[in-house]
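The values are calculated or read from the model by the stated rules, or taken from the named source; none is laboratory data. Just so it is clear, the structure is predicted and the values come from calculations on it, not from any experiment. Don't worry about glycine lacking a Cβ; one is built from the backbone with ideal geometry, like all the others, and counts go over all protein chains shown. Note: accessible area is taken over every heavy atom of the protein model, side chains too, but ligands, DNA and RNA are not part of it. Shrake-Rupley method; radii C 1.70, N 1.55, O 1.52, S 1.80 Å.
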Amino acid sequence: MGSRPHVVLGVAGGIAAYKACEVLRSLTESGHDVTVVPTGAALHFVGAATFAALSGRPVATDVWTGVHEVPHVRLGQSADLVLVVPATADLLAKAAHGRADDLLTSTLLTARCPVLYAPAMHTEMWQHPATVANVATLRSYGAVVIDPASGRLTGADTGPGRLPEPAEIAALTRDVLARGGLPADLAGRRVVVSAGGTREHLDPVRYLGNRSSGRQGVALARTAAARGAEVTLVAANLSVEPPAGAKVVLVLSAAELREAVLAESAGADVVVMAAAVADFRPATRSESKIKKGEGEPTSVPLVRNPDVLVELASRGADRATVVVGFAAETDDVLAHGRAKLAAKGCDLLVLNRVGDGVGFEVDHNAATILSTGGEVEVADTSKDQLAHAVWDAVVTRL
Ligand code: CTP
């Protein structure tokens, strides 16, 4: 790979083609060299001038331009990654069958680098056995096919088929480039991830909360899905979008989170408790808003919440094969981490050093992954890369 990774961004003919512009912008801003290859149909949705201006490069539209440079072979050969946004049902079908009747499909057939597809289409098309088979074929060839999001599609229909958020596609692109591809080593595995921070209400408007944004948990869910897992995200008050392709269960309090995690993780292969769960909740919750006229409160009586991680780790027959906890420590980090791993009974403990501006509400993180067998240091890295390091450690234990 050169100093600037060369990405070929294929754009197929669907209404989501306009969102490819946002992915393109994000990639060029993060220093990627992007050549856009729209299909003829894509150009009905977005003009070549837009792609040229955003990429700062000429747009390759057909195999008959610059024939002496053999673009249908050269582009695929020189790419560090080929990304298709949106991948329509037709494009997936052609790619799965090795068709090469235009510049994009020829590029896909000659590419030996990682290939990433972000599909978008109507729900019926996505769920048709032909598309299901084509996606399975492409995955068996090593391509990463992101599951589409559920939500509103063009027109009045809703259901799976929506293009994942451009930021999510760009994040996965960076992941795949950083790791030179993504293994499907979680295929067939059921994974539950909790993310975010719980809120313990004093009354309908006030709560005790914490600073967790849910970024690390969302990164874990997104990367697990990209590595083939069936993912449930138990999401407590996230300040970021949940990933496409994960089942999302929304919760507010520690009690709701506990109920959801215990229900969802029965029979799961892996449970990761990345959520910041409140250890205590107010002893009473007022049904109506507490007025300041009701006397001077001097303290808020608290009661202990059950420890979900301990419950998960000590479950009997339906204990997940791998139970992963998180710990945030400010001092004596390793000693506290080792003690916590033992006390919680989990298989892996991801140990974060936190303090002002470190660990919370930021995109990078440094951690140690502890297990009874040893420890793996993950240097200051993105939350996505830390998530991959966690899955690497999980996979060795499955
Ligand atoms: N956890 C949980 N249930 C709780 C509290 C925490 O499952 N009621 C989980 C978190 O999701 C995380 C891990 O336990 O995976 C964090 O451990 P915890 O002991 O809560 O850390 P701290 O609150 O930092 O503990 P302490 O203050 O004792 O260091």
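Considering the range 284-312 alone, what residues qualify as being free of Cβ contacts under 8 Å to residues at least 24 places away in the same chain and either away from the ligand (no atom under 16 Å from the Cβ) or open to solvent by 90 Å² or more (accessible area, probe 1.4 Å) (or both)?
Scanning the range 284-312 gives Thr284, Lys291, Lys292, Gly293, Glu294, Gly295, Glu296, Pro297, Thr298, Ser299, Pro301.
Taking the condition of being open to solvent by less than 20 Å² (accessible area, probe 1.4 Å) and near the ligand (Cβ under 9 Å from one of its atoms), how many residues in the range 313-333 meet it?
Result for the range 313-333: 3.
Filter the range 334-348 for residues that are within 8 Å of the ligand (Cβ to nearest atom) and open to solvent by less than 60 Å² (accessible area, probe 1.4 Å) and give the result.
Those that are within 8 Å of the ligand (Cβ to nearest atom) and open to solvent by less than 60 Å² (accessible area, probe 1.4 Å): Lys344, Cys346.
Just to be sure, is Arg162 within 16 Å of the ligand (Cβ to nearest atom), open to solvent by 20 Å² or more (accessible area, probe 1.4 Å) and in contact (Cβ under 8 Å) with a residue 24 or more places away in the chain?
no
Report yes if some residue within the range 203-212 is under 26 Å from Val84 (Cα atoms) and open to solvent by 20 Å² or more (accessible area, probe 1.4 Å); otherwise report no.
Checking the range 203-212: not a single residue is under 26 Å from Val84 (Cα atoms) and open to solvent by 20 Å² or more (accessible area, probe 1.4 Å).
Does the range 20-27 contain at least one residue that is of a type in the set (Lys, Arg) and touching a helix residue (DSSP H, G or I) at 6+ places or on another chain (Cβ under 6 Å)?
yes
Just a yes or no: is a residue in the range 265-276 more than 32 Å from the chain's Cα centre (by Cα) and not hydrophobic (A, V, I, L, M, F, W, C)?
Scanning the range 265-276, I find no residue that is more than 32 Å from the chain's Cα centre (by Cα) and not hydrophobic (A, V, I, L, M, F, W, C), so the answer is no.
Of the residues Leu334, Leu312, Leu348, Leu302, which single one is out of contact with any helix residue (DSSP H, G or I) (no Cβ under 8 Å at 6 or more places or on another chain) and either modelled with pLDDT of 95 or more or of a type in the set (Ser, Thr, Tyr) (or both)?
Only one candidate passes the filter, namely Leu302.
Give Gly217, Gly228, Gly245 a once-over and let me know the one that is open to solvent by less than 20 Å² (accessible area, probe 1.4 Å) and of a type in the set (Gly, Ala, Ser).
Gly217
Working only within the range 20-63, note down all residues that are farther than 15 Å from Leu104 by Cα and β-branched (Val, Ile, Thr).
Val23, Thr28, Val46, Thr50
Filter the range 258-276 down to the residues that are within 12 Å of the ligand (Cβ to nearest atom) and crowded, with 24+ Cβ neighbours inside 10 Å, then identify the one that is farthest from Val193 (Cα to Cα).
Ala276
Taking the range 354-379 as the region of interest, how many residues are modelled with pLDDT under 75 and not small (Gly, Ala, Ser)?
Summing the residues that are modelled with pLDDT under 75 and not small (Gly, Ala, Ser) in the range 354-379 gives 8.
Condition check ((1) open to solvent by less than 40 Å² (accessible area, probe 1.4 Å); (2) closer than 19 Å to Ala178 by Cβ; (3) in contact (Cβ under 8 Å) with a residue 12 or more places away in the chain) across all residues:
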position	(1), (2), (3)
Arg4	no, yes, yes
Val8	yes, yes, yes
Arg25	no, no, yes
Leu43	no, no, yes
Asp101	no, no, no
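Name the residue that is nearest to Val144 (Cα to Cα), counting only residues in the range 194-228 that are of a type in the set (A, V, I, L, M) and over 11 Å from the mean Cα position of the chain (by Cα).
Selected residue: Ala195.
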